[in-house]
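Notes follow once the structure below has been shown.
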Amino acid sequence: MSEITLLNGERFKKDTLIDLLREDEFYYGYMAKAALSSSSIKMLHQSPKKYKFVTDYGSPDSQALRDGWLFHTAILEPDVFNDQIFVDVQSKNTKKYKEALAEHGKVFTQKEKRDAERLADAFLRNEQALRLLDNSEFEVPACGMIGGYPFRAKADVLGKNKIVDLKTTTDIKGFPYSARKYGYDIQVYIYCELFNVPYTDFKFGVMDKGTLDIAIYDVSEEFYNEGKRKTHEAIEVFKTFFIHGADLDNYCLTGTL
């Protein structure tokens, strides 16, 4: 049975590690520093300084991330969605919201709930979108080695000959541009490697938060290869600054205009 050595030197049998990764606390807590992921590779490709800061101090929970998480859970994990604490307030700055946040640690507004339900309802009414979910498992974890380093991933939807990632956007026709801007090509490469699926089996199911339009995007070989290139460039950055100990203060970009 194969073993995986994590960034902190701990060793796990792969099957044991995958079982542990099913728990959000382990996946997003312990493993956040013990393995690389598509999110960390995106940061490393953007800036090793950003990667270090977020790894050390975390990152703020943006509204886009909150909305995306609720959309995902409303579709893929409705029991989890229904278990959330929703506060009936007009603003997160109200005393009632702050008291609920202090008591429960993670809360949402009723407006956020209604918005997520609106998106999920539109998605689940669309026959083509529903086919993305047919005969599949949801929130499936994976782990493995890429370039000699441990990686983790969690597929929104995994089925026979398909892996699907759900996204929300404010401009569905501009999604091909956004997919490159936000490093979704990196995600495609890493997920294909860890789940051992070809890029031709990867699809994005995209929901426009304004119009409720839905788009389903396949992945090209060029998009996959671009993600592969970026991933291995980022791994080299990781090795330079976080394995070999190069001075981050001396990190400097160069170029010609």
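The values are calculated or read from the model by the stated rules, or taken from the named source; none is laboratory data. Keep in mind it's a predicted model, so treat the numbers as computed, not measured. FYI the Cβ positions are ideal-geometry reconstructions off the backbone, even for glycines, and counts take in every protein chain you see.
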### Query
Of the residues that sit in the stretch 79-99 and are surrounded by 12 or more Cβ atoms within 10 Å (Cβ to Cβ) and out of contact with any helix residue (DSSP H, G or I) (no Cβ under 7 Å at 6 or more places or on another chain), which one is modelled with the highest pLDDT?
GLN84
### Matching residues in the stretch 179-216 - criterion: being free of Cβ contacts under 8 Å to residues at least 12 places away in the same chain, out of contact with any helix residue (DSSP H, G or I) (no Cβ under 7 Å at 6 or more places or on another chain) and over 29 Å from GLU112 (Cβ atoms)
ASN196
### Message
For the stretch 30-45, give me each residue that is of a type outside the set (Ser, Thr, Tyr) and either modelled with pLDDT of 95 or more or under 14 Å from the mean Cα position of the chain (by Cα) (or both).
### Response
MET31, ALA32, ALA34, ALA35, LEU36, ILE41, LYS42, MET43, LEU44, HIS45
### Task
Quick one: count up the residues across the stretch 113-136 that are of a type in the set (Asp, Glu), without any contact (Cβ under 8 Å) to a residue 40 or more places away in the chain and under 20 Å from GLY68 (Cβ atoms).
1
### Summary
Within the stretch 29-60, residues among the small types (Gly, Ala, Ser), in contact (Cβ under 8 Å) with a residue 12 or more places away in the chain and either assigned to a helix (DSSP H, G or I) or more than 23 Å from LYS228 (Cβ to Cβ) (or both) come out as ALA32, ALA34, SER38, SER40
### Query
Hey, any hits in the stretch 209-221 for a residue that's acidic (Asp, Glu) and in a helix (DSSP H, G or I)?
yes
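Report whether or not PHE26 is in contact with a helix residue (DSSP H, G or I) (Cβ under 7 Å, 6 or more places away or on another chain), of a type outside the set (Val, Ile, Thr), surrounded by 15 or more Cβ atoms within 10 Å (Cβ to Cβ) and without any contact (Cβ under 8 Å) to a residue 12 or more places away in the chain.
yes
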### Query
Which of the residues that make up the stretch 55-68 are farther than 18 Å from TYR184 by Cβ and either modelled with pLDDT of 95 or more or crowded, with 17+ Cβ neighbours inside 10 Å (or both)?
none
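Residue-by-condition table, conditions (1) part of a helix (DSSP H, G or I); (2) at pLDDT 95 or above; (3) of a type in the set (Asp, Glu); (4) more than 13 Å from the chain's Cα centre (by Cα):
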{"site": "GLU139", "(1), (2), (3), (4)": "no, yes, yes, no"}
{"site": "GLY144", "(1), (2), (3), (4)": "no, yes, no, yes"}
{"site": "PRO150", "(1), (2), (3), (4)": "no, yes, no, yes"}
{"site": "ASP156", "(1), (2), (3), (4)": "no, yes, yes, no"}
{"site": "VAL164", "(1), (2), (3), (4)": "no, yes, no, no"}
{"site": "LYS167", "(1), (2), (3), (4)": "no, yes, no, no"}
{"site": "TYR177", "(1), (2), (3), (4)": "yes, yes, no, yes"}
{"site": "ASP185", "(1), (2), (3), (4)": "yes, yes, yes, no"}
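Matching residues to (1) charged (D, E, K, R); (2) surrounded by fewer than 17 Cβ atoms within 10 Å (Cβ to Cβ):
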{"position": "LEU6", "(1), (2)": "no, no"}
{"position": "GLU10", "(1), (2)": "yes, yes"}
{"position": "LEU17", "(1), (2)": "no, no"}
{"position": "ALA35", "(1), (2)": "no, no"}
{"position": "LEU44", "(1), (2)": "no, no"}
{"position": "PRO48", "(1), (2)": "no, no"}
{"position": "PHE53", "(1), (2)": "no, yes"}
